[in-house]
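Undergrad: Please find one structure pasted underneath; my questions will follow.
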Amino acid sequence: MPKRHSVSLLLWVLLLPQLAGCSLYLTRPITFSVLDAETKQPIAGANVEARYSVVLDFGLIIAGRGPLEGVTECDGKVTLHADPHHDALFIKASATGYQEEQLSRDRIEKGLRPRKGHPWGNEFVLEMYAEPQAKLDLKFPRDYRGVVVLRFSPVDTSPPIRGQREFSYVVPANGIVDVKESGLIKREPNYDGVRAFVDGKELLTLVDTGAGTGKMGPDLRDAVALRFVGRIWEHSMWVYVLGTGREGENAEKMLWPNSRDLDERALKSLIGSR
């Protein structure tokens with residue numbers, strides 16, 4: 001075949017998925033090694049799924065060259081076929097007796113390693129923590145009111161005692177708490193696993209602040225509680241307010257003025273002023 005025709009064919013292969021209204025998926029074999037995060041031993045029987053947060057994308061059908069889901073063998077390994085650089089990719093892992101793991105594309109890219117002897121393949125070590133879910137206790141000064149920021153370390157630190165699931169931090173005057181146990185604490189359903197204490201007395205923790213909605217009634221809206229305001233994934237932060245529903249609403253409006261996009265300048269001002 002003439003070189004010019006070969007180039008034209010290649011262009012059509014690359015452009016056809018776009019013209020057909022579907023994404024281009026460059027899938028490859030990825031071998032997942034699923035380990036216990038504390039013992040580093042392989043977990044057999046773990047279910048690992050590669051999923052894309054898309055709706056009716058025919059590119060997936062075109063790209064389908066291997067399994068998107070599998071169960072680990074005795075060595076804790078399973079090989080799936082996925083595009084590790086696709087924006088919509090996420091990995092979900094579950095196993096009996098372990099907390100579910102869900103990894104975004106950013107975390108997958110950071111952990112990818114070349115697979116020995118397979119130039120087009122990758123390896124990924126996926127660590128899971130045993131149940132139960134962790135609890136984080138925040139000890140506040142008696143007169144504290146306002147924004148509280150949990151800033152998670154980019155490097156997870158396993159607990160000093162195997163199986164430890166309760167942790168305690170003293171909230172400094174600036175309200176910024178640097179949390180070392182990122183892998184155990186920073187989980188999407190775990191926002192209410194953070195507890196507030198003042199002089200040894202536990203305050204209420206509310207994931208839905210109810211500010212401005214009236215859903216919680218006047219008693220809860222006016223109560224001083226630890227209120228989850230929002231997560232800032234790009235900076236590995238969770239934002240809370242120790243205060244009333246109105247104070248929670250004000251913090252949310254300051255950081256997300258249009259209810260969608262983070263105001264980086266407001267965040268910088270908030271962190272820098274503390």
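The values are calculated or read from the model by the stated rules, or taken from the named source; none is laboratory data. Quantities reported herein were computed from a predicted structural model and do not represent experimental measurements. Glycine also receives a Cβ, built like all others from the backbone with ideal geometry; neighbour counts cover every protein chain displayed.
Undergrad: If I ask for residues that are touching a Phe, Trp or Tyr at 6+ places or on another chain (Cβ under 9 Å) and among the acidic types (Asp, Glu), which ones from region 88-106 would you list?
TA: Listed by number, the residues that qualify are GLU101, ASP106.
Undergrad: For residues that are more than 19 Å from ILE185 (Cα to Cα), in a loop (DSSP other than H, G, I, E, B) and modelled with pLDDT of 85 or more, tally how many sit in region 63-119.
TA: Qualifying residue count for the region: 10.
Undergrad: On to the next question. Select from region 73-130 the residues that are surrounded by 18 or more Cβ atoms within 10 Å (Cβ to Cβ), in contact with a Ser or Thr (Cβ under 7 Å, 6 or more places away or on another chain), within 21 Å of ASP36 (Cα to Cα) and among the acidic types (Asp, Glu) and list them in ascending order.
TA: GLU123
Undergrad: Given (1) modelled with pLDDT under 95; (2) among the polar types (S, T, N, Q); (3) out of contact with any Phe, Trp or Tyr (no Cβ under 7 Å at 6 or more places or on another chain); (4) outside any loop (DSSP other than H, G, I, E, B), identify the lone condition not met by THR157.
TA: (4)
Undergrad: So, GLY248, is that one of a type outside the set (Val, Ile, Thr), buried (at least 20 other Cβ atoms within 10 Å of the Cβ) and more than 23 Å from the chain's Cα centre (by Cα) or not?
TA: The answer is no for GLY248.
Undergrad: Among the residues of region 14-53, which ones are among the hydrophobic types (A, V, I, L, M, F, W, C), modelled with pLDDT under 90 and surrounded by 15 or more Cβ atoms within 10 Å (Cβ to Cβ)?
TA: Within region 14-53, CYS22, LEU24 meet the criteria.
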